[in-house]
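One structure is given below, encoded as structure tokens.
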Amino acid sequence: MLTKTILALAASGLFAAASSVPAFAQDANATAAPASAVPAAVRKLNVELNALVPSQKGCMMTFVAEHDMATPINKISFELAFFNDKNAVDRVTVLDFRDLPLGKKRVRQFDMPGVKCETVSRIIINDTPVCDGPAAGECKAALTTRSQTSVPFEG
């Protein structure tokens, strides 16, 4: 008798579980969720100021960039503002980081003529004027910055 009751309960449990499956099935005509449906906290575009080294031209700046957004970035550039030792904007320039494949780190170096590394007090990313791949505005919204140097780097 106990065995019949257990079998009946197990069968009803299997039936209940099986009957709930269609609630989780997707419509064959449904489209995938857009990249914007992925929570912003999940999408990141990380740019790190890795090094500032004096060069013959001025200051060689090394950046490390990586992203885990929904799509590859075919081309991206950043508008950066460089502050001098008097905390005044010394220059604003656009740096072309080229492509950033999804989930891969890329090192980009820029030799900034006429800039003395020792006088750079802060660098700010003002904008991402080019971001080919993700939806408009998504690169700037996903941007996070950090610095491996004593120079603050903000986004």
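Things worth noting here:
- Count of the range 88-118 residues, restricted to those that are open to solvent by 40 Å² or more (accessible area, probe 1.4 Å), at negative phi and not charged (D, E, K, R), is 8.
- Test: Ser150 is more than 12 Å from the chain's Cα centre (by Cα), small (Gly, Ala, Ser) and open to solvent by 40 Å² or more (accessible area, probe 1.4 Å): yes
A quick yes/no check of all residues on (1) modelled with pLDDT under 95; (2) in a loop (DSSP other than H, G, I, E, B); (3) more than 21 Å from Ser150 (Cα to Cα):
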residue	(1), (2), (3)
Glu48	no, no, no
Cys59	no, no, no
Ala65	no, no, no
Ala70	yes, yes, yes
Lys75	no, no, yes
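- Restricting attention to the range 53-74, the residues being of a type in the set (D, E, K, R) and either within 22 Å of Ala142 (Cβ to Cβ) or touching a helix residue (DSSP H, G or I) at 6+ places or on another chain (Cβ under 7 Å) (or both) number 2.
- Selection over the range 67-76 of residues that are crowded, with 17+ Cβ neighbours inside 10 Å and in contact with a Leu (Cβ under 8 Å, 6 or more places away or on another chain) gives a count of 4.
Matching residues to (1) under 16 Å from the mean Cα position of the chain (by Cα); (2) basic (Lys, Arg):
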position	(1), (2)
Lys44	yes, yes
Pro54	no, no
Met60	no, no
Phe63	yes, no
His67	yes, no
Thr71	yes, no
Asp85	no, no
Val89	no, no
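The values are calculated or read from the model by the stated rules, or taken from the named source; none is laboratory data. Because the structure is predicted, anything quoted here is derived from the model rather than measured. Glycine gets a Cβ as well: all are built from the backbone with ideal geometry, and neighbour counts include every protein chain shown. Quick note on the areas: whole protein, heavy atoms, side chains included, nothing else; ligands and nucleic acids left out. Shrake-Rupley method; radii C 1.70, N 1.55, O 1.52, S 1.80 Å.
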